[in-house]
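Report on the structure given below.
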Amino acid sequence: MKAFTALTTTELRLLLRDPASVFFMMAFPLMLLVLKRGDSGAVPGYMAMIAAIGGMGAMPGIVAAYRERKVLKRLATTPISPVLLLGAQLVAQVAAALVGSALLVVAAIVGFGAQPPTNVPLLAVAFVLCSVTVCALGFVIAAIVRNTRGASLIGMMVMFPMVFLAGAAVPRKALPDSLRAIGDFLPLTPGVDLLNAAWTGATALFPMMILAGIIVAGTAVAAALFRWE
């Protein structure tokens, strides 16, 4: 447990030292909130966007870099297994997204007088499920694309359209019917729906089940395809 805590702390520290990660996970959503004049209806989607930026935009490249530099292979010969490092990266990504989302929520409520979330416990569960879902997808990308540059590129190419079509960056009702239909089948959409439901106090059992299924399926695919070197 001490080794895992130390690894997680190190991974989180490295993540927060990356200017791009800090900007897109913390500063960029706040800028969008200012442009939206503190609209509380946009906050749940921005929370999903923060999670997606870390889980799909940043993590595939990080994991691929560890494999490409033989870090995972070397760890396999030590008491600290590669699985422990990947688990620490997962927790660090969720923690960083949590920090960015907390800043966003506080800014919306305190800075703009936005309506606070109706169901805080459900919002916390929704956020964790959404974050783990995009991280599971990030692991799948890292398992399929073996080099660092390619994994980063594919992660970004998957993440950006998904953020827009799933309703994280802009409301889905503002999209044309054809694009909204595509968004119905994207794995980030139930995450946005669940976060919105938690914020407004609506029922959200179905999106929760969908996210749980994606996590299980994504983890299984990543485990089957992933190679340490």
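The values are calculated or read from the model by the stated rules, or taken from the named source; none is laboratory data. Because the structure is a prediction, the values reported are computed rather than measured. Here the Cβ is made from the backbone with ideal geometry for all residues, glycine too, and neighbour counts use every protein chain on show. Ligands, DNA and RNA are stripped out before the accessible areas are found, and what is left, the full protein with its side chains, is counted by its heavy atoms. Shrake-Rupley method; radii C 1.70, N 1.55, O 1.52, S 1.80 Å.
Being surrounded by fewer than 19 Cβ atoms within 10 Å (Cβ to Cβ), more than 19 Å from Val94 (Cβ to Cβ) and of a type in the set (Ser, Thr, Tyr) is true of Ser178.
State yes or no: is Ala96 touching a Cys at 6+ places or on another chain (Cβ under 7 Å) and open to solvent by less than 10 Å² (accessible area, probe 1.4 Å)?
The answer is no for Ala96.
Here is the figure for region 94-116: residues that are over 24 Å from the mean Cα position of the chain (by Cα) and in a helix (DSSP H, G or I) total 3.
Candidates in region 104-134 are the residues that are out of contact with any helix residue (DSSP H, G or I) (no Cβ under 7 Å at 6 or more places or on another chain) and farther than 18 Å from Val192 by Cα; of these, the one that is most open to solvent (accessible area, probe 1.4 Å) is Val110.
Table: residues versus (1) over 30 Å from Leu225 (Cα atoms); (2) buried (at least 16 other Cβ atoms within 10 Å of the Cβ); (3) over 15 Å from the mean Cα position of the chain (by Cα); (4) modelled with pLDDT of 90 or more.
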residue: Gly55; (1), (2), (3), (4): no, yes, no, yes
residue: Ile62; (1), (2), (3), (4): no, yes, no, yes
residue: Tyr66; (1), (2), (3), (4): no, yes, yes, no
residue: Ser81; (1), (2), (3), (4): no, no, yes, no
residue: Ala92; (1), (2), (3), (4): no, yes, no, yes
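Filtering region 34-93 to residues that are in a loop (DSSP other than H, G, I, E, B) and free of Cβ contacts under 8 Å to residues at least 24 places away in the same chain leaves Lys36, Arg69, Thr77, Thr78, Ser81.
Hey, can you tell me all the residues within region 141-175 that are of a type in the set (A, V, I, L, M, F, W, C), buried (at least 23 other Cβ atoms within 10 Å of the Cβ) and farther than 30 Å from Thr118 by Cβ?
Scanning region 141-175 gives Ile141, Ala142, Ala151.
Can you confirm whether region 117-133 contains a residue that is part of a helix (DSSP H, G or I), farther than 24 Å from Leu205 by Cα and not β-branched (Val, Ile, Thr)? No, there is no match, as no residue in region 117-133 is part of a helix (DSSP H, G or I), farther than 24 Å from Leu205 by Cα and not β-branched (Val, Ile, Thr). Quick one: Gly138 ticks every box in (1) touching a residue at least 40 places away in the same chain (Cβ under 8 Å); (2) open to solvent by 50 Å² or more (accessible area, probe 1.4 Å) bar one, so which box is it? Evaluating Gly138 over (1) touching a residue at least 40 places away in the same chain (Cβ under 8 Å); (2) open to solvent by 50 Å² or more (accessible area, probe 1.4 Å) leaves (2) as the failure. Filtering region 17-29 to residues that are surrounded by fewer than 16 Cβ atoms within 10 Å (Cβ to Cβ) and in a helix (DSSP H, G or I) leaves Pro19, Ala20, Phe23, Ala27.
Looking only at residues that are in a loop (DSSP other than H, G, I, E, B) and either more than 30 Å from Glu68 (Cβ to Cβ) or charged (D, E, K, R) (or both) in region 191-229, which one is farthest from the chain's Cα centre (by Cα)? Restricting to residues being in a loop (DSSP other than H, G, I, E, B) and either more than 30 Å from Glu68 (Cβ to Cβ) or charged (D, E, K, R) (or both), the top hit is Glu229. Looking across region 203-229 at every residue that is in contact with an Asp or Glu (Cβ under 9 Å, 6 or more places away or on another chain) and aliphatic (A, V, I, L, M), the one that is surrounded by the fewest Cβ atoms within 10 Å (Cβ to Cβ) is identified as Ile210.
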